[in-house]
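Heads up, the thing below is written out as structure tokens.
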Amino acid sequence: MATRSTENPSLASGLNGRNLQAPNQGQKHLPTSSDAFPVAKRKKMGCPKCVLLQQELEMCRQENERLQAGCRWVALGGSSARWDTPWLREAEGFKDQGNAFYVKKDYSEAFNYYTKAIDACPKNASYYGNRAATLMMLCRFREALVDSQRAVRLDDCFMKGHLREGKCHLSLGNAMAASRCFQKVLELEPSNSQAQQEHKNATAVLEYERMAELDFEKRDFRKVVYSMDKALGLASTCHRFKILKAECLALLGRYLEAQSVASDILRMDSTNGDALYVRGLCLYYEDCIDKAVQFFVQALRMAPDHEKSRLACRNAKALKAKKEEGNKVFKDSNFEAAYRLYSEALAIDPNNIKTNAKLYCNRGTVGAKLNKPDQAIEDCTSAIKLDDTYIKAYLRRAQCYMDIEQYEEAVRDYEKVYQTEKTKEHKHLLKTAQLELKKSKRKDYYKVLGVGKNATEDEIKKAYRKRALMHHPDRHSAATPEVQKEEEKKFKEMGEAFTVLSDPKKKTRYDCGHDLEDDSNNMGDFNANNIFKTFFGGPAGGFSFESNQNQAPGNVFFQFG
């Protein structure tokens, strides 16, 4: 708070633009209206023009009395002088009342009384300084800056005025101007610790600005946010820093935080083009393209040269058009054209995470339709990397894994989906994948016999006949022990597979994923030779293998009864 000084600089330099000196310093006697026009001469005036002139002279007399009163105040020694006129006493009274309210932290009332003091004596630097301090406490830094500048214009040596001007500049993000103000204070008082500290703060803000600019060019948006947070700690009301932080938050996908910052600025200034741009950018990146375009257009209306809004608006319109065109040809089953259009849309704006995630998923669906499962899985994976909450991409990828029988991966994706959305449909998909996984870990009897899962009873019998003859141990009696062991194993698997698939009940249970080894008909007790004999007939008049020791190994002949 400024206190009454022993010298009033505004009156010393003059009131209402006049240079004043005390009468004892050689100033000539200021003329009055009676000096300029003697009474006898004024009585002779009767014309209207003379009446107007007389009124003007009366006003001049009153002003002259005020000036002379000011001279007496200066000559008597500032605050120690007696206040000879009501208007000077009134101004100082308003200031004292303002000081009292300031001490009580009633800054609104303090502001009102300082304003009254300024109205009574508009050339007093300390009154503007006090009101600037009050405005700063009310966080009205732009208005406080104006008052501080008025104060130092009235008195260039008003140290507190320079200090407050610097603080306002710094809070508003004008670190270079703030640094000049603090340097002026240090010129007036080199040991001023407050000015020294504030000068360091201004230097730090300039450094944070420099780092943020470099990191933004490198697209290291996290570091930009960090630098802006540090800068805002010293320049709390700088809209420029807040806008840069909000833009980087949007580019990092932190849309709610970015929207909050932009909305706060728009509440204070609804015409701020930068804040409108950031608000539109958040909507654009959340795939609300129509609403985003409205904000970009509004930003361009407020700031026609806003290049970022113009570019974002063009990208938003192009992205929407390509995506809609791709959807249309997909519905027409023109999958090649849909794949091309989705690829073109992905090249428009790599920063649009949510829209690009949808485009990748759409292209993955096209890849599945084109019977390119690996490509479809790759696109769905790209979509999930951009948006790990995108359920549709998980479902599409899981289905592709099911198609190529990678059941473990399919189960993992379906589990992720069911944890996020516990619906009956998702539960059914998960159970199906788990069943297929369980079935894939046991022997595949269909593969053992070399038939499809929809094979008929006759097809199963023919397959067994062919393969059982091929792998019967007697046929490989002359082979090496290793080969004999392998063929015996395959022969046993043939019998096991035929036992299950030739029995309708067992086949049904097998197809449903049940463990047949847990049944009352223990699968471990069956004999492959008995099955073979039953199928081809017994040894007395049935089918048998015979081998001639004189023949080369592996040569066998078949005998049918």
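The values are calculated or read from the model by the stated rules, or taken from the named source; none is laboratory data. Remember, predicted model here, so these are calculated numbers, not experimental data. Using ideal geometry, Cβ is built from the backbone for each residue, glycine included, and neighbour counts are taken over all protein chains shown. The area values use the complete protein model at the heavy-atom level, side chains included, leaving out ligands, DNA and RNA. Shrake-Rupley method; radii C 1.70, N 1.55, O 1.52, S 1.80 Å.
In the range 287-302, is there at least one residue being in contact with a helix residue (DSSP H, G or I) (Cβ under 7 Å, 6 or more places away or on another chain) and within 28 Å of E198 (Cβ to Cβ)? No, there is no match, as no residue in the range 287-302 is in contact with a helix residue (DSSP H, G or I) (Cβ under 7 Å, 6 or more places away or on another chain) and within 28 Å of E198 (Cβ to Cβ).
Taking the range 399-498 as the region of interest, the helices (runs of 4 or more DSSP H) fully inside it that hold 1 or more residues being under 30 Å from C380 (Cβ atoms), basic (K, R) and open to solvent by 50 Å² or more (accessible area, probe 1.4 Å) are 407-420, 424-440, 445-449.
Take the range 380-398 and flag every residue that is open to solvent by 10 Å² or more (accessible area, probe 1.4 Å), in a helix (DSSP H, G or I) and not β-branched (V, I, T). Passing the criteria: S382, K385, L386, K392, Y394, L395, R396, R397. Kindly evaluate E217 against the criterion of being closer than 30 Å to L186 by Cβ and without any contact (Cβ under 8 Å) to a residue 60 or more places away in the chain. Answer is no for this residue. The number of residues in the range 104-141 being part of a helix (DSSP H, G or I) and among the basic types (K, R) comes to 2. Within the range 317-339, at least one residue is more than 14 Å from N362 (Cβ to Cβ) and not in a helix (DSSP H, G or I). Within the range 350-364, identify whether any single residue is of a type outside the set (S, T, Y), touching a Cys at 6+ places or on another chain (Cβ under 6 Å) and open to solvent by 30 Å² or more (accessible area, probe 1.4 Å), and answer yes or no. No, the conditions are met nowhere in the range 350-364. Is at least one residue of the range 297-304 among the β-branched types (V, I, T) and in contact with a Phe, Trp or Tyr (Cβ under 8 Å, 6 or more places away or on another chain)? Checked against the condition, which is being among the β-branched types (V, I, T) and in contact with a Phe, Trp or Tyr (Cβ under 8 Å, 6 or more places away or on another chain), the range 297-304 yields no hits at all.
One residue alone among Y208, Y226 is aromatic (F, W, Y), buried (at least 18 other Cβ atoms within 10 Å of the Cβ) and modelled with pLDDT of 95 or more, and that residue is Y208. Residue check: is R310 free of Cβ contacts under 8 Å to residues at least 40 places away in the same chain and buried (at least 21 other Cβ atoms within 10 Å of the Cβ)? For R310, the condition - free of Cβ contacts under 8 Å to residues at least 40 places away in the same chain and buried (at least 21 other Cβ atoms within 10 Å of the Cβ) - is not met. Entry remark, the range 107-159: residues being open to solvent by less than 60 Å² (accessible area, probe 1.4 Å), of a type in the set (D, E, K, R) and free of Cβ contacts under 8 Å to residues at least 60 places away in the same chain number 2 in total. Here the helices (runs of 4 or more DSSP H) wholly within the range 221-307 that include at least 1 residues being within 23 Å of N356 (Cβ to Cβ) and touching a Ser or Thr at 6+ places or on another chain (Cβ under 7 Å) are 273-285, 289-302.
Among the conditions (1) within 27 Å of D264 (Cβ to Cβ); (2) crowded, with 22+ Cβ neighbours inside 10 Å, H162 misses just one, which is (1). Let me spell it out: the conditions are (1) of a type in the set (D, E, K, R); (2) within 19 Å of N99 (Cα to Cα); (3) modelled with pLDDT under 95, and D155 meets all of them except one. Which number is the exception? It fails just one condition, (2).
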